[in-house]
Amino acid sequence: EHYVEVCTTSHLRESLLRKLHGLSAHIDILDHIGTLYKYEIDNRLPCWPVMRHFIRGVLNPNFTFRFTDAQTNAIQEEQAHLEDRSANEFGQIVKEIAMKNPGFESSDICRVETVRKVYAGLRVQSSQLPPAESLDERWALYRKVQVDLLATFDYVRSYDGTGFRRSAEKRAHDQIGFRICIVGALAGGLATRDKMMSRYFRTICPTGRLVQ
């Protein structure tokens, strides 16, 4: 998903691969983010370090890069993965977070107790889910709640009483950015020129490395 996001044309793809090849002879991709949540729920352990979930691949120096079968399957599964919320569904989550947590500020998002409180209030009552007191910055579920809180802070300010002053297309695109920020925070680094993703990453991972 993230690879496709920055490589919409063959020209851009070749340019990106040329730069990546200057850094390393290998390029690794991450399976869809839902696998991180599933790992944490199934094992009740944080997915960190996130690199252990990478699918290893080789970058062709002649720029005729081809995904491995495992990587191709991961991308196809991502496209059909039902855990990704639609823009309308996320709007409902935003309203619920805002209603249950009135008066919260963006500065609270780095407070562990704030994130755990919101998670505890939203999590489906199920013994299969990790308890709130277990979560910290090493968990994808924790990072997800942080991003949801930041998005809530932004979206609520754009709510006019009947809907959000953001197009459905923009809100759907935001979902991609949110997932990239979650992975970036888990990895401790992010390379992007997107202003929203840069701001989100700096907020939830202030000690991480941001390349713009």
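Quick note: the coordinates plus some simple rules give every number you see, no bench work behind them. Because the structure is a prediction, the values reported are computed rather than measured. Counting neighbours? That spans all protein chains shown, and the Cβs are built from the backbone with ideal geometry, glycine included.
Here the label points at D69 and M99, each 7 Å from Cα along the C-beta direction, are separated by 4.9 nm in the simple model. Protection proxy ranking for 180-187, 35-42, 199-206, using the average of other Cβ atoms within 10 Å per residue and placing the highest first: 180-187, 199-206, 35-42. Simple spin-label estimate for R202 and F54 gives 2.6 nm between the two label positions (7 Å along the Cα-to-Cβ direction from each Cα). Applying 1/(1 + (r/R0)^6) with R0 = 30 Å to the Cβ-Cβ distance of S15 and E89 gives a FRET efficiency near 0.25.
Taking 0.36 nm per residue of separation and subtracting the Cα-Cα distance, full extension of the segment from Q175 to A191 would add 4.0 nm. Modelled spin labels at S107 and R138, positioned 7 Å past Cα toward Cβ, are 3.0 nm from each other.
Please work out the FRET efficiency for the pair L210 and V156, using the Cβ-Cβ distance as r and a Förster radius of 35 Å; give the result to the nearest 0.05. That pair, L210 with V156, gives E of 0.85.
In terms of distances greater than 18 angstrom between alpha carbons, the cross-link table entries K38/K195; K117/K144; K100/K195; K117/K195; K117/K170 yield K38/K195; K100/K195; K117/K195; K117/K170.
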